[in-house]
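Input: a single structure, listed below in structure tokens.
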Amino acid sequence: MIFRNLSEEDITLNLVTKGKHSALSKIAVKLARRTGLDDQVVLRRLWKRESSGATGIGRGIAVPHAVFQSISCPVASFTRLAPPIDFRSSDGHPVDLVFTLLWPRSAATTFLPALAQLCRLVRASRIREGLRLARSADEVMAILDNDPRAIDWPAIPERAATWASLR
């Protein structure tokens, strides 16, 4: 899955924004740097998709995405927002976990299977809560690799009880 191959630069923790547009704007800048695309073009495409139907999928998660002719492979990022913001999710919960995708038009048929795989991963409460408790990009990467043993949660006393309840 594409989110299992994120690097540190693809992960932002505790991003403070004024709302959905501000969040997407900051995310677009990072993705544009990585892809060589213009950040305003990335933002317009993400916002256009968001305007056609909210990308909040529930449980505090959103998956904004856009398709580009000019990229040859999928590009992803993970952003944890602080505080959560309204993404007009169907369950009404504000979003704090944002998985953003830029997808190549040439691989459009692989988008829905990748999205379904992400939804299956974040259905697990221990994954969602692990992402909410992660203190570093390394911890996020370990969680998305679905390897909770790589994270030393109990070494941090205030998180030990929470982590134990998620197992």
Being in contact with a Leu (Cβ under 6 Å, 6 or more places away or on another chain) and under 30 Å from S125 (Cβ atoms) narrows R59, R80 down to just R80
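Output yes when any residue across segment 102-113 is crowded, with 18+ Cβ neighbours inside 10 Å, of a type outside the set (G, A, S), in contact (Cβ under 8 Å) with a residue 60 or more places away in the chain and out of contact with any Phe, Trp or Tyr (no Cβ under 9 Å at 6 or more places or on another chain), and no when none is.
Looking through segment 102-113, none of the residues is crowded, with 18+ Cβ neighbours inside 10 Å, of a type outside the set (G, A, S), in contact (Cβ under 8 Å) with a residue 60 or more places away in the chain and out of contact with any Phe, Trp or Tyr (no Cβ under 9 Å at 6 or more places or on another chain).
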Considering residues that are open to solvent by less than 40 Å² (accessible area, probe 1.4 Å), under 20 Å from S136 (Cα atoms) and of a type in the set (S, T, N, Q), the number found within segment 1-23 is 3
Residue pairs within 9 Å by beta carbon, gap of at least six or interchain, first lying in segment 125-142 and open to solvent by less than 10 Å² (accessible area, probe 1.4 Å), second in a helix (DSSP H, G or I) and of a type in the set (F, W, Y), listed first then second, are G130/W153; G130/W163
| task | Answer with yes or no whether K26 is outside any loop (DSSP other than H, G, I, E, B) and under 11 Å from V75 (Cβ atoms). | result | no
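The values are calculated or read from the model by the stated rules, or taken from the named source; none is laboratory data. Just so we're clear, the structure is a prediction, and the values are computed from it rather than from any experiment. With ideal geometry, Cβ positions are generated from the backbone for all residues, glycine too; neighbour counts draw on all protein chains shown. What goes into the accessible areas is simple: the full protein's heavy atoms, side chains included, and nothing from ligands, DNA or RNA. Shrake-Rupley method; radii C 1.70, N 1.55, O 1.52, S 1.80 Å.
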